[in-house]
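Throughout, read-outs are computed from the coordinates displayed, never taken from laboratory work. Fair warning: this is a prediction, and the values are worked out from it, not measured in the lab. Neighbour counts are summed over all protein chains in view; Cβ atoms, including those assigned to glycine, are modelled from backbone coordinates with ideal geometry.
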Amino acid sequence: MSAPVTKKHFLNDPKRLSTLERLDLLSPTPSDALNRLTRLAAALMQAPIAMVSIVDDHRQFYKSVVGLPDVIEAPLSHSFCQHVVTSGEPLIVSDSRLNDITKDNLAIRDLQVIAYAGMPMISSDGQSLGSFCVLDHKPRQWTATELGILEDLRGAAMVEIELREVTAQLGAEQAFRDGLTSLLVHDFKTPLTSILVAAETAQEDPGSVGEMLSIISSNAQRMQVLTNDLLDVSRFEHGEIRINAVQFDFAKLVTEAIRDVTPIAKEVEVRIEARIPVELPMVKGDRVLISRLLTNLLSNALRYTTRGTDVTVVAEQVGDRIKCSVIDNGPGIPTEMTETIFAKYGRVEGAKQNYQAPSTGLGLTFCKMCVNAHGGEIGVDSELGRGSTFWFTLPTVR
Ligand code: ADP
């Protein structure tokens with residue numbers, strides 16, 4: 001009996017390939033657990049060859065194999081497993097020379113593969129990755145018991161693969177959290193130390209009180225910004241921020257946000273231009289949160305754009321959304337950082353700033369959470385050395 005094979009060519013589907021990467025299935029790192037399972041398959045089914053074979057876009061790669069010493073991969077011309085992957089179904093072949101799917105396969109000639117039984121390895125996100133299979137050099141009828149064993153071992157192998165990924169992820173998250181903790185301690189410790197030193201200096205030298213008070217104040221502000229940013233992000237994470245959705249005039253909100261940051265714009269000699277059509281539909285959302293979102297993006301643009309240039313705010317209707325873009329002429333953002341900067345504490349090291357402001361790496365995290373909570377999207381288009389366009393979408397009132 002042979003399983004039907006779909007004609008669909010999805011071996012090079014990027015989603016499938018990225019699952020292979022994510023599950024680390026194309027690295028030669030040996031897995032003791034998978035090796036135990038393939039050894040067990042060969043022994044229980046008395047087959048000379050057993051393998052966990054992963055099929056990428058041009059070859060089958062043996063993540064674990066017994067019975068084929070020194071072989072780690074084969075081209076698709078020698079792959080029975082590719083048929084298991086493309087169909088997502090078992091492939092059970094008693095004599096490959098007589099089977100329409102396999103009779104022209106070069107593994108028959110070069111590796112003497114005559115009988116084959118392969119079960120599809122399908123990930124929990126539904127991607128067909130490879131085959132857990134046993135091979136024989138002579139014709140044979142695979143019994144129902146044998147196929148049951150193979151199916152069970154395939155299940156165990158898939159669990160093992162996904163568990164390994166979860167474990168690696170947990171380890172990475174723990175390392176990330178440890179790193180964050182020291183980053184945060186550092187972020188609080190620096191201004192706190194400045195405050196203590198300034199307070200001591202003021203006590204010892206009454207003539208310096210004015211200057212020391214201003215140092216204390218700016219460092220306390222820095223701590224306050226960090227605390228507020230942390231609290232906002234944490235409230236979003238715990239679902240404690242309620243969206244107070246009202247209908248409002250988006251153009252008016254943009255004008256107000258520009259007015260709020262005008263003192264900074266003057267300081268850094270940047271002109272803010274707003275390009276907003278007269279006929280813009282009303283937006284539905286939390287006016288206070290969206291105002292903060294816009295102020296965040298505008299202050300970032302002013303902070304990073306080249307002095308003496310323009311920052312432009314464009315709003316337009318796109319389908320049933322409003323799309324708003326804040327465009328600057330700053331250094332741009334490296335492609336590999338365009339997602340990271342929206343994650344907690346994501347910062348681009350060494351980015352030149354027009355003015356010193358507390359940098360927490362939480363501003364864009366707040367922006368993303370705010371936009372997502374409104375059912376919108378946020379992103380950045382950027383070219384290094386040319387500038388960045390931060391954009392977001394929000395639902396309009398129907
Ligand atoms: P913060 O500004 O407090 O560090 P954000 O989350 O607002 O945190 O920004 C994260 C990082 O993204 C910044 O540290 C900076 O490296 C980068 N960034 C944000 N906006 C811009 C911009 N307009 N141009 C260049 N880099 C930017």
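In table form, for the structure just shown:
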read-out: For the stretch 361-368, 3J(HN,Hα) per residue [Karplus equation, 6.51 cos²θ - 1.76 cosθ + 1.60, θ = phi - 60°, Hz, x = Gly/Pro]; value: x, 10, x, 6, 5, 4, 4, 5
read-out: Length-normalised contact order of the stretch 103-197 in % [C-alpha pairs under 8 Å, at least 6 apart]; value: 21 percent
read-out: Over the chain - Rg/Rh using Cα atoms and the Kirkwood inverse-distance radius; value: 1.16
read-out: Sparsely packed trypsin sites (Lys or Arg not before Pro) within the stretch 220-263, loop by DSSP, other Cβ within 10 Å at most 14; value: Arg242
read-out: Beta bridges by DSSP in the chain, antiparallel share as percent, to the nearest 5; value: 90 percent
read-out: Between the stretch 213-240 and the stretch 163-207, the Cα center-to-center distance that results, in Å; value: 13 Å
read-out: Fully extended contour minus Cα-Cα distance, from Ala220 to Arg259, at 0.36 nm per residue; value: 11.5 nm
read-out: Most positive-pole-ward Cα, Gln141, Leu230, Phe392, against dipole of the chain from beta carbon charges; value: Gln141
read-out: Net lengthening on full extension, Gln112/Asn228 (0.36 nm per residue, minus Cα-Cα); value: 34.9 nm
read-out: Relative contact order for the chain, counting Cα pairs under 8 Å that sit 6 or more residues apart, in percent; value: 11 percent
read-out: Ranked by how many other beta carbons lie within 10 Å on average, peptides 36-42, 47-53 from highest; value: 47-53, 36-42
read-out: Global form of the stretch 1-113, assessed from the alpha-carbon gyration tensor, a/c cut-off 1.5; value: oblate
read-out: Gained length - Asp205 relative to Val288, 0.36 nm times residue gap less alpha-carbon distance; value: 25.5 nm
read-out: Value at 222 nm in deg cm²/dmol, rounded to 500, when DSSP H runs of n ≥ 4 in the chain each add -39,500 (n - 2.57); value: -15000 deg cm²/dmol
read-out: Under the Karplus curve 6.51 cos²θ - 1.76 cosθ + 1.60, θ = phi - 60°, whole-Hz ³J(HN,Hα) for the stretch 386-398, x wherever Gly or Pro sits; value: 10, x, 10, 10, 8, 10, 8, 10, 9, x, 9, 7, 7
read-out: Top positive-direction residue, dipole computed over the stretch 1-123 with Cβ charges, set Ser31, Ala43, Leu68; value: Ala43
read-out: Relative contact order [Cα under 8 Å, 6+ residues apart], the stretch 26-114, whole percent; value: 20 percent
read-out: Estimated FRET transfer efficiency when R0 is 41 angstrom, pair Thr309-Phe10 (beta carbons, to 0.05); value: 0.30
read-out: Shape call, the stretch 140-280: gyration tensor on alpha carbons, a/c limit 1.5; value: oblate
read-out: The stretch 282-363: chymotrypsin sites (Phe, Trp or Tyr not before Pro) in DSSP loop, at most 16 other beta carbons within 10 Å; value: Tyr355
read-out: Distance (nanometres) between label positions extended 7 Å along Cα→Cβ at Ile72 and Thr335; value: 2.8 nm
read-out: Global form of the stretch 226-351, assessed from the alpha-carbon gyration tensor, a/c cut-off 1.5; value: oblate
